[in-house]
Amino acid sequence: MEEKKTEEFTDIEALLSEGKRIQIHPKGFSMYPLLVPGRDEVILEKTDPKTARRGDVLLYRRKEGILVLHRVYRHDDTGFYMVGDHQKEIEGPLFEEQIRGKMTAFIRRGRWVSERNLWYVLYSRIWLFLR
């Protein structure tokens, strides 16, 4: 899969829909402490929302038009319920057509960390348990 580094959010959806892997610097602190603006980068790939699981970090478009990167808190017949690691309020329901991509890795200080990394998986599970 081709990887493209971009800072222009206008191209993200088009690149993901073409099946490209993209690398971005996330903005904002809603996913702190996992992701810190200016320090970390995120690798995003196109995903089938039907395969999303609790704990996955998905990119979605809110009805107001903004792109958001948050964690799946739960998913049921009514839709997806999402939350940032640094937020208390759970957002939802969101619908499959709002999902644009999935975080498959992040880069911190030049080190690539996969979503399958043992420490990341433990962090994600503990964070959701404490939620």
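Annotation: the antiparallel percentage among DSSP beta bridges lying fully within the chain is about 90. If the segment from Tyr73 to Trp112 were pulled out straight at 0.36 nm per residue, it would be longer than the present Cα-Cα gap by 11.6 nm.
To put it simply, the accessible area of the chain at a 1.4 Å probe is 52 percent carbon and sulfur. In the full protein context, region 12-59 carries 44 Å² of accessible surface per residue, based on a 1.4 Å probe and ignoring ligands, DNA and RNA. Here the relative contact order of the chain, from alpha carbon pairs under 8 Å that lie six or more residues apart, stands at 21 percent. The rule of thumb for compact globular proteins, 2.2 N^0.38 Å, goes into the C-alpha radius of gyration of the chain 0.98 times.
The values are calculated or read from the model by the stated rules, or taken from the named source; none is laboratory data. Source: prediction; values computed, not measured. Calculation scope for accessible area: heavy atoms of the full protein, side chains included, ligands and nucleic acids excluded. Shrake-Rupley method; radii C 1.70, N 1.55, O 1.52, S 1.80 Å.
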